[in-house]
Structure formats: structure tokens, C-alpha cells
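Here's the structure we're looking at; comments come further down.
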Amino acid sequence: MKTIYAVFGDPVEHSLSPVMHNAAFAALGMDSEYHKFRVSKDDLETAIMGARAMGFGGVNLTIPLKEKALEIVEPDTLALDIGAVNTIEFKNDRLIGHNTDGIGAVRALQLSGIIIPNSKVLIIGAGGAARAVAFQLAQNGAKVIIANRTAQRAHSLAENVKSVGDARGTGLEDLQELVSQSNIVINTTSVGMHPDIDQTPITANMMRPGLVVFDIVYNPLHTRLLTEAEKAGSITIDGLKMLVLQGAESFRIWTGVEPPVKEMEQAARTALELR
Ligand code: NAP
């Protein structure tokens with residue numbers, strides 16, 4: 001019998017997870033299928049229990065369910081630190097909550113040949129995605145600076161991240177100076193996201209050759225920030241890499257099998273380009 005996997009969210013129509021995971025199952029010849037289900041916060045517990053009762057292989061969670069899940073599953077330490085669960089593992093009678101967003105970002109950097117320990121990473125933004133990225137990078141030995149429009153949010157996130165590594169928070173006033181002191185800049189804000197595609201958190205004159213510029217926004221695939229970075233001769237990484245690699249990590253947790261990342265990325269890229 002087929003093993004069923006799913007993503008729960010609301011809205012969930014635009015999730016690329018089914019395309020990615022079904023491409024992985026096809027590539028490996030696994031008798032499994034991945035579907036998306038619209039689930040409200042109020043129904044989350046019932047939906048998770050239902051999935052377990054029906055023998056689902058695993059579940060991903062997206063907006064607005066990631067935080068609510070902390071009350072329902074047993075979060076691992078990282079998910080607890082980040083304050084959000086995006087992957088549920090059904091392990092015997094237990095429901096284990098993981099968060100693979102930060103791992104996706106770290107793997108995207110590593111796959112581009114970037115060495116993380118001791119690197120100086122400027123994270124622009126202090127929202128949900130920034131939390132995952134900041135915790136994971138600090139845990140991997142990066143020196144993290146979090147710069148956010150609402151400086152208080154950056155300070156508060158940095159205080160939390162200090163429990164696992166090196167972090168400090170600030171506002172956006174000295175962005176040029178902060179970029180010049182960093183090896184890696186990661187945009188975790190929604191600036192530049194569709195429909196405001198002409199916006200960018202920093203421009204080419206603030207960047208330089210050799211700097212790594214990673215935009216986690218993936219809609220559009222090629223953001224204005226990445227265009228500015230190319231103008232400056234910087235190394236660029238797009239948000240789809242992180243999306244695919246967080247999915248790949250969920251796949252690994254559920255199946256114990258090495259995920260076919262190339263096929264997953266190709267499927268997601270094609271689906272995005274067709275939109
Ligand atoms: P969020 O929790 O709402 O956080 C939004 C962040 O953007 C906050 O730091 C906010 O600053 C900042 N911001 C928004 N508008 C701004 C502006 N005009 N100027 C400066 N800062 C601004 O959102 P999120 O869930 O972290 O998602 C952020 C982005 O990451 C989205 O585009 C999302 O699609 C993308 N994302 C990508 C992946 C991936 O796998 N590639 C995964 C997760 C998220 P304030 O605190 O001052 O409001």
C-alpha cells in the first residue's frame with residue numbers, strides 16, 4: 001500500500017512541497033505520494049491525529065500552523081528554540097516536531113562551498129524565517145548579526161540565539177557598515193517579494209566581489225537583490241535552494257533515505273517558472 005505524506009496549511013494552494021516530494025518518490029521508485037491539505041489552526045490537532053491514525057509517513061506544516069504545533073507535538077530542542085515546527089515525524093507512538101528551515105539555509109550555503117564556522121553573517125530581518133536561520137547558523141559556529149527594521153525584535157532574537165552561539169542585534173541604520181564587515185549577507189525579510197519586485201534591502205554600491213549574498217525570497221526566483229549582487233560581482237544564492245533543502249531534510253527524517261536533491265530542485269524550479 002502507498003505511504004501518504006502531506007503538508008497542512010492555510011492557505012496551502014501554492015505550496016511547492018507536493019511537486020518536490022513527488023519528484024523525489026518518482027526518482028527513487030518509492031510507492032509514496034505527497035498531498036496538500038487546507039487545515040485551520042483549530043483543526044490542527046484533529047488533522048495530525050487523523051494523519052497518524054491513517055498511517056501517514058510524515059507531515060509538513062506551513063503558515064499559520066508552525067507555532068501552534070508546539071502545543072500538540074513533542075518539539076526537538078531546535079524546534080523549541082526556533083519556536084516553530086515544520087516537520088512532524090510519526091515515531092512509534094510519539095509525534096516528534098522538527099524545524100528544517102534553518103538546516104535548509106545552512107545546506108544551501110555549504111553546497112555553494114561556503115565555510116560557516118567563524119564566518120561573519122549579517123541576517124537582515126528578525127521574523128519567523130530569520131529565527132530559524134539565525135539559530136542554525138549560530139549553532140554551526142557563525143558570528144551572527146541580526147539587523148531589523150524594528151530594532152527591538154533584532155535585539156530580542158539575538159538574546160535568544162546567544163544561548164547557542166555568537167549573536168548581536170541592531171537596527172537598519174548602519175547597514176552599509178555592517179555589510180562591509182560581513183562575509184555573508186542573508187535577506188530574510190519579505191522585501192523584494194512579489195508584487196514589490198523592484199525593492200531591495202541593499203544595493204550594488206554596498207556590496208563587493210567575494211561577498212556571499214543569499215536571498216531567501218523565492219518569488220520571484222531572481223530577486224532585485226540578486227541582480228544588485230551580480231552587478232557588484234558578489235556570489236549569489238537564491239531562496240529556492242533553501243526551500244528545496246529544507247524539504248530534503250524532512251524527506252531524510254521521514255524515510256531515512258538520502259533525498260534526490262537535484263530532481264527535487266528541478267521539479268520545484270519548473271513549477272515556479274510555470275506560474
Ligand atoms: P515574517 O515573520 O512576517 O517577517 C518579515 C520580516 O521582514 C520582518 O523582519 C520585518 O521587519 C521585515 N520587513 C517586512 N517589510 C519590510 C520593509 N518594507 N522594510 C524592512 N523590513 C521589512 O516573515 P517570514 O515568515 O520570516 O518570511 C520572510 C520571507 O522569507 C518571505 O518572503 C518568505 O516567503 C521567505 N521565506 C523563504 C523560505 C525559503 O525556504 N526560501 C522559508 C521561509 C520564508 P519588522 O520586524 O520591522 O516588521
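The values are calculated or read from the model by the stated rules, or taken from the named source; none is laboratory data. Not measured: the values here are computed from a predicted model. Here the Cβ is made from the backbone with ideal geometry for all residues, glycine too, and neighbour counts use every protein chain on show. The protein model used for the area step is the full one, side chains on, heavy atoms only, and it has no ligands, DNA or RNA in it. Shrake-Rupley method; radii C 1.70, N 1.55, O 1.52, S 1.80 Å.
Before moving on, here are some points about what is shown:
- Of everything listed in (1) within 22 Å of residue 160 (Cβ to Cβ); (2) open to solvent by 40 Å² or more (accessible area, probe 1.4 Å); (3) within 16 Å of the ligand (Cβ to nearest atom); (4) in a helix (DSSP H, G or I), the single unmet condition for residue 107 is (1).
- Each residue in the stretch 199-221 was checked for being open to solvent by 50 Å² or more (accessible area, probe 1.4 Å) and either of a type in the set (D, E, K, R) or within 14 Å of the ligand (Cβ to nearest atom) (or both), and 4 of them qualify.
- Residue check for residue 180: at pLDDT 95 or above, over 27 Å from residue 77 (Cβ atoms) and more than 21 Å from the chain's Cα centre (by Cα): yes
- Residues considered: 71, 89, 67. Of these, the only one that is within 15 Å of the ligand (Cβ to nearest atom) and either touching a strand residue (DSSP E or B) at 6+ places or on another chain (Cβ under 6 Å) or open to solvent by 60 Å² or more (accessible area, probe 1.4 Å) (or both) is 67.
- The lone exception for residue 167 - which of (1) assigned to a helix (DSSP H, G or I); (2) more than 11 Å from the ligand (Cβ to nearest atom); (3) open to solvent by less than 30 Å² (accessible area, probe 1.4 Å) it fails: (1)
- Residue 140 more than 15 Å from the ligand (Cβ to nearest atom) and either out of contact with any helix residue (DSSP H, G or I) (no Cβ under 7 Å at 6 or more places or on another chain) or under 20 Å from residue 241 (Cα atoms) (or both): yes
- Residue match in the stretch 222-242 (condition: in a helix (DSSP H, G or I), within 10 Å of the ligand (Cβ to nearest atom) and open to solvent by 10 Å² or more (accessible area, probe 1.4 Å)): yes
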